[in-house]
Amino acid sequence: MSVDTKNVLGRRKLRFTSLEEVIADAEKLVSSPNTRMLGNWPLDRLLTHLAHGIDRSIDGSTVKAPRVVRLIAPFFKGRILKNGMSAGTKLPKQAEVSLYPAVDSPQEALEKLRTAVGRLRNEKMTASHPVFGRITPEEWLQFHLRHSELHLSFAVPS
């Protein structure tokens, strides 16, 4: 039975200012012997998803939100990039398959996240966002920080 992530109690309140802080938090979660997951995903899937998102901001993606979503998204972009994302969003199955790749062990997923963040030393985030379209590298960074806050809030280290 899946968890209604919109109403989960006990989530952590996170506010990241750099991707290095995201990595440090992920390392703490992976090294914790009894990290509790409050949502529907195991830690390895969550970390792989974050890494995949960073890679797509560099490499691009064939996935796009429905046209109506892309038309109204600019009105919400600033609020989302500043204040974060709401839990509980359900995506269509086709998008879910593409956006949530196969999982590894938590250690392997952490390494994928480190590698994705490391790519940003030499590569730029210039791909179009599947919802917001063209965004700047700084907007991509803010997106990744808010995205990480959302997902990592469901992981509670022991």
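Of all residues in the stretch 1-28, those satisfying the criterion of being modelled with pLDDT of 95 or more, crowded, with 16+ Cβ neighbours inside 10 Å and either at positive phi or part of a helix (DSSP H, G or I) (or both) are L19, V22, I23, D25, A26.
What about R45, is it part of a loop (DSSP other than H, G, I, E, B) and either touching a helix residue (DSSP H, G or I) at 6+ places or on another chain (Cβ under 9 Å) or acidic (D, E) (or both)? Here the answer is no, as R45 does not meet what is asked. Of the residues in the stretch 59-79, not one is touching a Ser or Thr at 6+ places or on another chain (Cβ under 6 Å) and surrounded by 17 or more Cβ atoms within 10 Å (Cβ to Cβ). When the stretch 33-57 is filtered for residues that are surrounded by fewer than 17 Cβ atoms within 10 Å (Cβ to Cβ) and farther than 21 Å from S2 by Cβ, the ones remaining, listed by number, are P33, N34. Close contacts from the stretch 134-158, counting a first residue that is at positive phi and surrounded by fewer than 17 Cβ atoms within 10 Å (Cβ to Cβ) and a second that is modelled with pLDDT under 95 and of a type in the set (S, T, N, Q), with Cβ to Cβ under 6 Å and a gap of 6+ residues or different chains, come to none at all.
Counting only helices (runs of 4 or more DSSP H) that fall entirely inside the stretch 54-158 and contain at least 1 residues that are within 22 Å of R15 (Cα to Cα) and either out of contact with any strand residue (DSSP E or B) (no Cβ under 6 Å at 6 or more places or on another chain) or modelled with pLDDT under 95 (or both), the qualifying elements are 74-83, 106-119, 137-152. Pairing each residue of the stretch 18-34 that is closer than 17 Å to S105 by Cα and touching a residue at least 60 places away in the same chain (Cβ under 8 Å) with any residue that is among the basic types (K, R) and surrounded by fewer than 18 Cβ atoms within 10 Å (Cβ to Cβ), provided the two are 6+ apart or on different chains, yields C-beta distances under 7 Å for I23/R114.
Every residue, every condition in (1) more than 15 Å from the chain's Cα centre (by Cα); (2) farther than 13 Å from V103 by Cβ, yes or no:
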residue: F16; (1), (2): no, yes
residue: I23; (1), (2): no, yes
residue: L29; (1), (2): yes, yes
residue: N34; (1), (2): yes, yes
residue: W41; (1), (2): no, no
residue: T48; (1), (2): no, no
residue: S57; (1), (2): no, yes
residue: T62; (1), (2): yes, yes
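The values are calculated or read from the model by the stated rules, or taken from the named source; none is laboratory data. All of these numbers come straight from a predicted model, not from anything done at the bench. Don't worry about glycine lacking a Cβ; one is built from the backbone with ideal geometry, like all the others, and counts go over all protein chains shown.
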